[in-house]
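The values are calculated or read from the model by the stated rules, or taken from the named source; none is laboratory data. Keep in mind the model is a prediction, meaning the values are calculated, not measured. Using ideal geometry, Cβ is built from the backbone for each residue, glycine included, and neighbour counts are taken over all protein chains shown.
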Amino acid sequence: MPARGYVGVIGAGECDAELARLAEDVGRRIAEAGAVLVCGGMGGVMEAACRGAKAAGGTTIGILPGPDRADANRYVDVAIATGINEARNLAIIRTADALVAVGGSYGTLSEIGFALKAGKKVVGLRTWDIKGVVPAVTAEDAVRLAES
């Protein structure tokens, strides 16, 4: 990954407190590693990861499904309004050098599929068990694996 790499965090727009803590830790570690966090810019895992990155002084990019930048969560530094709904998943994948999937449902599954097809590294934390996804147990492991 380049010196100032872009790490994507993908996961559901709604999540429980435990998954939010995990995503926040991932975001913090991405920022501490000097990388830019890229996500879908909405709630749940995305908001938690952005919150963690911002707490560590990092930069966050939210590639939004809707046409309004104001829809981004409050921890997004650069909001990109696409108006293309789930098709924005491709933009997230293409922008990131590597991705960390934290939990997630079918939208996350589509992002994993696109990322693997594009030859991107995908690290998984409590997410889909799919060939090609590198499993991690902790946020520290996930970010380390994504950076390598």
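A compact table of results
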{"read-out": "Whichever residue in region 58-72 is assigned to a loop (DSSP other than H, G, I, E, B) and in contact with a helix residue (DSSP H, G or I) (Cβ under 6 Å, 6 or more places away or on another chain) and, among such residues, is nearest to Glu32 (Cα to Cα)", "value": "Gly58"}
{"read-out": "Of residues in region 76-108 being without any contact (Cβ under 8 Å) to a residue 40 or more places away in the chain and under 13 Å from the mean Cα position of the chain (by Cα), the one farthest from Val38 (Cα to Cα)", "value": "Leu90"}
{"read-out": "Residue tally, condition basic (Lys, Arg) and either over 16 Å from Val45 (Cα atoms) or touching a strand residue (DSSP E or B) at 6+ places or on another chain (Cβ under 8 Å) (or both), over region 71-102", "value": "2"}
{"read-out": "Matching option when the condition is modelled with pLDDT of 95 or more, surrounded by fewer than 24 Cβ atoms within 10 Å (Cβ to Cβ) and at positive phi, among Gly44, Gly66", "value": "Gly44"}
{"read-out": "Residue count for region 92-125, restricted to those that are surrounded by 18 or more Cβ atoms within 10 Å (Cβ to Cβ) and either among the aliphatic types (A, V, I, L, M) or touching a Gly at 6+ places or on another chain (Cβ under 7 Å) (or both)", "value": "17"}
{"read-out": "Residue match in region 80-89 (condition: in contact with a helix residue (DSSP H, G or I) (Cβ under 8 Å, 6 or more places away or on another chain), part of a helix (DSSP H, G or I), of a type in the set (D, E, K, R) and modelled with pLDDT under 95)", "value": "yes"}
{"read-out": "Filter pass, Arg4 being part of a loop (DSSP other than H, G, I, E, B) and at pLDDT below 95", "value": "yes"}
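Results for (1) within 13 Å of the chain's Cα centre (by Cα); (2) surrounded by fewer than 21 Cβ atoms within 10 Å (Cβ to Cβ); (3) over 15 Å from Thr127 (Cα atoms), shown as yes or no for each residue.
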site	(1), (2), (3)
Tyr6	yes, yes, yes
Ala35	yes, no, yes
Arg51	yes, yes, yes
Ala56	no, yes, yes
